[in-house]
Structures are given as C-alpha cells and as structure tokens.
C-alpha cells in the first residue's frame, strides 16, 4: 500500500469526479439513460496513448516517463553529433536514433532550439572511462545508438534497449523516478551524470558522490530558454533556476570519478563547472560531471528525486513519493492508474481505434503542462530568486506558461476539464507577477520571466478561467494587477532589449497605443506593431468582460472601447481585392511595401493569417470586409488551394494548421451564417493535419496547444472567444462523449451517426429541446447537460443560419 502525503505534497492532482449532470436550470438531465450503452464506452484509456506521437515532423514532444503535470520527466536526450545541441527542441527526435543520456526535466512541444531544460542527462556507459566526457564534443564515445524496436513508451513508463548492451526501464512519480539499468556481462558498468549538460547549457554545476550511502547528489544552475532567438543585446542567456537532485542505488559502487572540462579524474568524488550558454566551439569541451561504477553484468536499481529549492527538499520529495520497496513495476502501475483517472475527464463511446489514439494522446499531451514546481513541503523557487510557500488554499504552484500559444486553446481546455487546477495555475501566475514587480510575463519558464513572443496573454487566460467558473484564486487582485498592466505604461515598454523575439516590455509602446489606438511599427519596441495591436485588442476585450462580471462598470466600458483597436490597423484598401491587417507608423501612414503574404509587422505569421485574429468581434470584421458573403468567400480561399484541395500549412496566404494565430479560423463560419462550412473545415483539419505515429502533430505542440485544438475538434466544440465560456459547435468524431469537469458537472455529447462520412449537422437538441444556435451557452458549459447532434452526409444549409442563431459578439 502506497503512503499518503499531504495535498500540497501529493504526487497527483487528480481529485474525485462528480459525474451527475444537471441542466442549465439545475434539474437532473436524462437520469434514465445508462452510462454504458452501445457503442461501447472506451475503458483503460492509457492504452490509447502513444507518447511517440509528435516526436517527429517538428512536434517537439518527448516520449519519456512522466505523471500528469509532473515536475520530473525521465526522457532521452538525442544527439546528431554536437554535444552543445540536440536533434530537436526538447531533446528527442524520432528520426535520430542516437542518444547521450536520459534527462530529468522537459517541456512539451516548445519551439525554441535548443528548447528548455533537459537537465542532468544520465548515461550508462559499458566501457572504460578514457577521455573526459566534456572533451567528447561530437558525442562519439559517450553515446549510443538504438533501434525503435527496443523502445516502449507508455504513460508513466519508458523502456529502451541501447545498442551498447544496456537496457533502461524507468517509471515516474510527480517529483521522482525509479529506474532499472541492466548492464551487459563481461564489460565495465559505468553510469555518467552529465550535470552541466542541460539543453541550453549552464552557468555552473556540481556533483558529489558518497560510496558509503550509495548516493549521488548535485545541482545545475541554468535557464536561458530561447536564449538565441533575439538579436542584439536581448539574448536571454541568463540563469534563473537551479535543479537539485539526489540519486540512490541498490548496489555498491566499485569505483567513482569526475571530470572538469577536458580533465578526467578517476577516483575523485566532487566536481564543479558549467558550460555557458553558447553552442558550437564557444561551449564545446566545457562542463563537469561524474560517474559511478558497478560490477560487470549488474542490474542496478536507481531512485532519483528533484527539487528547485534545495538538496534537502529533493531528498524529501523522493522519500515522500517513492517507498523503500517500490520498483519500476510498482511505480509504473501507480502511474498507469493515475493516467487512467486523469484521462477520464473525457470519455467516449464508439469511434475507431485510430480516432481514440488521436484523442487520448492529444489529451495526454494537454495534461503534461503546466508543471508542478513546488516541493512536497509546499516550497517553491520564485521569479525573484527566493524561496516561497504556497498561498492559502493553493494546492500547487504551477510553472511553464507559453501564453501566446496557450490562450487560444489549451488554457480553455484546462479550465473546462480541470477547473481547480486552473485556479491553482491562475494563482501561480499572480504569485509570479508579484515576484516580478507586478509584471505578468508572456512566456513563463518554470516561474521565471523570458519575455518570449508578443501580447498580454494572461488577460484572456484568466478572464477565460473566470468565465468557466474558476474561482479558487485571488480573482479581484489578479484583475486589478492585469488592469494596471494594461493602463499604466511601464518603463520596459520603451526598451528595445530582446527585440524582436523577446522584447522586454509587456504591453510595449502602451502610451502610444493609448494615444493612437494602435502600436506603431516604427516604435521599435515590439515584435510587430500590427500583431501587438491585435493581441492588445483581444486582451482588452478579455479585461472588459471580466470587469463587467466583477461589477467594475467604468473599467469594463473603457476596455470595451479599446477592444476595437484592431480596426485601426485594418486597411480596407490594402489590396485591390480587399482589406487586410497592416502595420502603421506613428504618423498614421501604412508601412510599405505590403502584400498579404508579408510578415512585416507580425509575429510568426503573415497578414493573411493575422487578419482573421479578431475572435471577439467577428461581425465587425465581416462588416469591414464588406459583409458576410464577402468574408465567407475570403475564408473559402483561405482554406483551399486554387484546385479546391485543402491546405494545412506552408503557404503564407492560406491557413496554417501548424501555428497559433489562425487556429481558430475554421470555426469562424459559424458567426458568418455558414456553419456547415465550419463542420467540413474542422473535420478536414482533424483528418489531414493530425494523425497517429511520430509525425502525428502538424507542428510544435506548444505545451499542449495543438493537442488541445484536436481534443476540441474531436468533441465538436471550440471556445467562441478566449475570454468567454461559450462553445462553438461542429460535428463530433465520436457517437457519444462525456466531458467530466473535475469537481463539477458533466456535459454529454451524443452524435449517434458520427462517422468519417457524416460530417454535417442536421439538427441539435440541448437537454431535450430543439437548439437552433451554432454555439452552446455559458450555462450549458458550466452547469452541464446533454447535447444531441444529429449528423448527415450532405450540408444542411438552413440550420443555425439566421442572425439570431449566430454567435453573439459582446
């Protein structure tokens, strides 16, 4: 029987599920309907998860052992022949079958290369220790090839047979891992701790080996996420966290050794030294680490725990989560059970095995972030480089927030399925802002600021949480802080530091935005003036809606007016064919030359994509384009090539399923009176852009964002607006689905005819009543209910097309 620990110390965030559904009026819904009916309900959900999905084709996922929202993730670091880099942003590429270690920390789907973390690679080396591992700059000696035939990845467990003869089997808890390492007979058995070799490098590292207690301890001081993205002086090459680790073994050491840079030191037990944050020759040959040796042919058991606050906390985390008699098998069983419970937030009946694999793997990826960063004692490392404790009522401090990506799908899915965790996440972001002078950063790595990307994504994120019923955070304090960030210019808003990729200012050029109604391109303090204007417009709407819910009428009115700022960068005569978003200078002139394919004034996207990024005012955008018929025609051309085939990326004039600014666009037809076109576009992207296998994701998963899009698409719903709870409707993939909100109501979606050829909605009933709207109200989403969607093979061009049935812009 596993030991129980206090909630703040628990190795799981899974709580009891309330499965009873109620209607918007509070009455029980369809109580006579059995939970299990034909088609059969999917059970043992973790068996449908394939952690290798997205490990190729730029998905940048990782396959290793991890728990839901886990701090520790045991996963390979691959090498393409450069010790200062990897074959993929998060350490593992399915196409590169050579690795130099198994690291303890990862972030799912981040796009910067090298990405984030990959701390303390551990490598089994069944040969003599000849040169310093740091001197092996091309990973020719201390690395091993492998075959995917010897690889097995399941939720919570990872197994690999290396070509050097060593077999590794590992299972994870939230903050620890248990590993078995089987060394071949007749060869040395050395285990390397490459303490300084984090993915981005390190400022310093240390290791200490104690044969008497059979332990290895150490730490690495690192950071530098996206450190080489920006130009000029904004490199982000700085340290902002130290990972501490403790590893204990069930076998005695037969030898020890360490290295520092190119010096190998057999018999020693301590070493220090970092690598720096460059790549290539500037970093090659630097660093430190150590090794322990065992008898040849030994199978070694290792238990490792980590912490971001201290070595003592790492020991406590390990002791709390791994019992003395735990094995890889016992920890893996517990992990499988936890993942099964976590995945029951969504249950489906029917559908193909392929569809279930796509759905549950996407859901798995969505539950990898945010990550627990607090210790079992409730302590965590803050952005101010100090140790803090959880706030009153907070269950976990959660880190890693790629806001520009996540607020378009991932955060809404978390709030829908895990509202209590979403509240902890909101409190975590508020805590981070307090530790960073009141600034809410766009991309929070662990708890530290990085300034990566554009906009003010915390505003739509927390407003969306609030609209979806999340209340377990300091709601008024969070609003007040975000409102101040949106209305009081900060000195960093006039800094060029980090531009273009990680400009120091959050709400850069705010004073000019307030005066002009847009962010000018020639201000030079943002990644792109037009993109920043659009992002600020979305964030302003979010604050307006949230303010209204809090009864703050004056703030709501002020921010609602500012939410129309997108109109100030919409040039109605940008091209002879119609208007587009276009960057402007401070004097009001449009930045030239211009084509819709241009990315001038935009961040990771073209004008053709960003022009549609007005989710809070689709009717206004339609009017600006010349009316619904014109907007529909333009959307049609946006999704299809001239030959009529669907496009999923690679064309700056058309839809890019691989990047966030346009991922909401397939759903815009609902607001334009052509919902059947949403149904066919969403189904086409679900089928063409998402598959099974390593190439199964269309691009960077971006901490679960792309996977979250797929979950929504498969269920036939999608957030109408990032800041609100209403959900747009499309055609579900499964005949029946249950959305079970943690601690809340259940939404059941019935689509009996769901199949690959039944793409179009014929009619809808909600709680037994006819439903003519192409969206679900906030009441249905938050209170639960039964949504019946009848599908057909051909479009119903009359359903949900009347003006009163379209989504309402507020």
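The values are calculated or read from the model by the stated rules, or taken from the named source; none is laboratory data. Only a predicted model underlies this, so the values are computations on that prediction, with no experimental measurement involved. Here the Cβ positions follow ideal geometry from the backbone for every residue, glycine too, while neighbour counts run over all protein chains shown.
Taking every residue in the range 263-282 that is at positive phi and surrounded by 14 or more Cβ atoms within 10 Å (Cβ to Cβ) and pairing it with any residue that is modelled with pLDDT of 95 or more and in a strand (DSSP E or B), at least 6 positions away or on another chain, the pairs with Cβ-Cβ distances below 6 Å are 273/260; 273/288. Taking the listed residues 478, 463, 504, the one that is modelled with pLDDT under 95 and crowded, with 21+ Cβ neighbours inside 10 Å is 504, with no other qualifying.
For the range 572-690, list the helices (runs of 4 or more DSSP H) that sit wholly inside it and hold at least 3 residues that are out of contact with any strand residue (DSSP E or B) (no Cβ under 7 Å at 6 or more places or on another chain); which are they?
Ranges flagged: 618-625, 628-639, 669-672, 675-688.
Here's a check for you: in the range 484-501, which residue that is on the phi < 0 side of the Ramachandran plot and crowded, with 20+ Cβ neighbours inside 10 Å is nearest to the chain's Cα centre (by Cα)? Applying the filter and picking the extreme gives 501. Would you confirm, using the coordinates I've provided, whether residue 196 is within 26 Å of residue 312 (Cα to Cα), assigned to a loop (DSSP other than H, G, I, E, B) and in contact with a strand residue (DSSP E or B) (Cβ under 6 Å, 6 or more places away or on another chain)? In short, yes. Within the range 507-545, the set of residues being on the phi > 0 side of the Ramachandran plot and either in contact (Cβ under 8 Å) with a residue 60 or more places away in the chain or crowded, with 24+ Cβ neighbours inside 10 Å (or both) comprises 507, 509. Taken as a whole, the structure places residue 141 among residues that are without any contact (Cβ under 8 Å) to a residue 24 or more places away in the chain, within 29 Å of residue 51 (Cα to Cα) and not in a strand (DSSP E or B). Residues in the range 215-229 that are in a loop (DSSP other than H, G, I, E, B) and either surrounded by fewer than 19 Cβ atoms within 10 Å (Cβ to Cβ) or modelled with pLDDT of 95 or more (or both): 228 alone. Screening residue 747 against (1) part of a strand (DSSP E or B); (2) out of contact with any helix residue (DSSP H, G or I) (no Cβ under 9 Å at 6 or more places or on another chain) leaves a single unmet condition, (2).
In summary, residue 42 fulfils each of the numbered conditions (1) within 21 Å of the chain's Cα centre (by Cα); (2) within 29 Å of residue 354 (Cα to Cα); (3) modelled with pLDDT of 50 or more with the single exception of condition (1).
Looking only at the range 760-793, which residues are in contact (Cβ under 8 Å) with a residue 60 or more places away in the chain and either assigned to a loop (DSSP other than H, G, I, E, B) or under 11 Å from residue 731 (Cα atoms) (or both)?
Within the range 760-793, 760, 761, 767, 768, 774, 777, 784, 789, 791 meet the criteria.
Assessment of the range 546-554 against the conditions (at pLDDT 95 or above, buried (at least 18 other Cβ atoms within 10 Å of the Cβ) and not in a helix (DSSP H, G or I)) yields at least one matching residue.
Here's the yes/no breakdown for (1) more than 23 Å from residue 350 (Cβ to Cβ); (2) touching a residue at least 24 places away in the same chain (Cβ under 8 Å); (3) surrounded by fewer than 24 Cβ atoms within 10 Å (Cβ to Cβ):
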{"position": "660", "(1), (2), (3)": "yes, yes, no"}
{"position": "677", "(1), (2), (3)": "yes, yes, yes"}
{"position": "680", "(1), (2), (3)": "no, yes, yes"}
{"position": "690", "(1), (2), (3)": "no, yes, no"}
{"position": "699", "(1), (2), (3)": "yes, yes, yes"}
{"position": "707", "(1), (2), (3)": "no, yes, no"}
{"position": "717", "(1), (2), (3)": "no, yes, no"}
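Does the range 230-253 contain at least one residue that is in a loop (DSSP other than H, G, I, E, B), surrounded by 22 or more Cβ atoms within 10 Å (Cβ to Cβ) and either modelled with pLDDT of 95 or more or touching a strand residue (DSSP E or B) at 6+ places or on another chain (Cβ under 6 Å) (or both)? No, every residue in the range 230-253 fails to be in a loop (DSSP other than H, G, I, E, B), surrounded by 22 or more Cβ atoms within 10 Å (Cβ to Cβ) and either modelled with pLDDT of 95 or more or touching a strand residue (DSSP E or B) at 6+ places or on another chain (Cβ under 6 Å) (or both).
Note on the range 50-85: residues that are in contact with a strand residue (DSSP E or B) (Cβ under 6 Å, 6 or more places away or on another chain), part of a loop (DSSP other than H, G, I, E, B) and within 17 Å of residue 112 (Cα to Cα) amount to 2. Selection of the range 592-617 for residues being buried (at least 24 other Cβ atoms within 10 Å of the Cβ) and over 26 Å from residue 809 (Cα atoms) yields only 601. On inspection, residue 396 does not qualify as surrounded by fewer than 24 Cβ atoms within 10 Å (Cβ to Cβ) and touching a strand residue (DSSP E or B) at 6+ places or on another chain (Cβ under 9 Å).
In the condition set (1) touching a residue at least 60 places away in the same chain (Cβ under 8 Å); (2) within 15 Å of residue 67 (Cα to Cα); (3) out of contact with any strand residue (DSSP E or B) (no Cβ under 8 Å at 6 or more places or on another chain), residue 337 is compliant with all but (1). Evaluation of residue 804 against the conditions (1) touching a residue at least 60 places away in the same chain (Cβ under 8 Å); (2) out of contact with any strand residue (DSSP E or B) (no Cβ under 9 Å at 6 or more places or on another chain); (3) not in a loop (DSSP other than H, G, I, E, B) shows that the sole unmet condition is (1). Residues being out of contact with any strand residue (DSSP E or B) (no Cβ under 8 Å at 6 or more places or on another chain) and either surrounded by fewer than 24 Cβ atoms within 10 Å (Cβ to Cβ) or modelled with pLDDT of 95 or more (or both) are represented in the range 95-105 by at least one member. Residue 15 passes every criterion in (1) under 25 Å from residue 395 (Cα atoms); (2) part of a loop (DSSP other than H, G, I, E, B); (3) modelled with pLDDT of 95 or more; (4) touching a strand residue (DSSP E or B) at 6+ places or on another chain (Cβ under 8 Å) apart from (3). Taking the conditions exactly as written (over 22 Å from residue 190 (Cα atoms) and either buried (at least 22 other Cβ atoms within 10 Å of the Cβ) or under 31 Å from the mean Cα position of the chain (by Cα) (or both)), does residue 351 satisfy them or not? When the stated conditions are applied, residue 351 passes them. Residues of the range 691-708 that are under 23 Å from residue 353 (Cβ atoms), assigned to a loop (DSSP other than H, G, I, E, B) and touching a helix residue (DSSP H, G or I) at 6+ places or on another chain (Cβ under 8 Å): 691, 692, 696, 697, 698, 701, 704. Taking the range 749-758 as the region of interest, how many residues are surrounded by fewer than 22 Cβ atoms within 10 Å (Cβ to Cβ) and touching a residue at least 60 places away in the same chain (Cβ under 8 Å)? Of the residues in the range 749-758, 1 are surrounded by fewer than 22 Cβ atoms within 10 Å (Cβ to Cβ) and touching a residue at least 60 places away in the same chain (Cβ under 8 Å).
Would you be able to tell me the number of residues in the range 50-62 that are surrounded by fewer than 24 Cβ atoms within 10 Å (Cβ to Cβ), under 15 Å from the mean Cα position of the chain (by Cα) and within 11 Å of residue 365 (Cα to Cα)? Count: 0.
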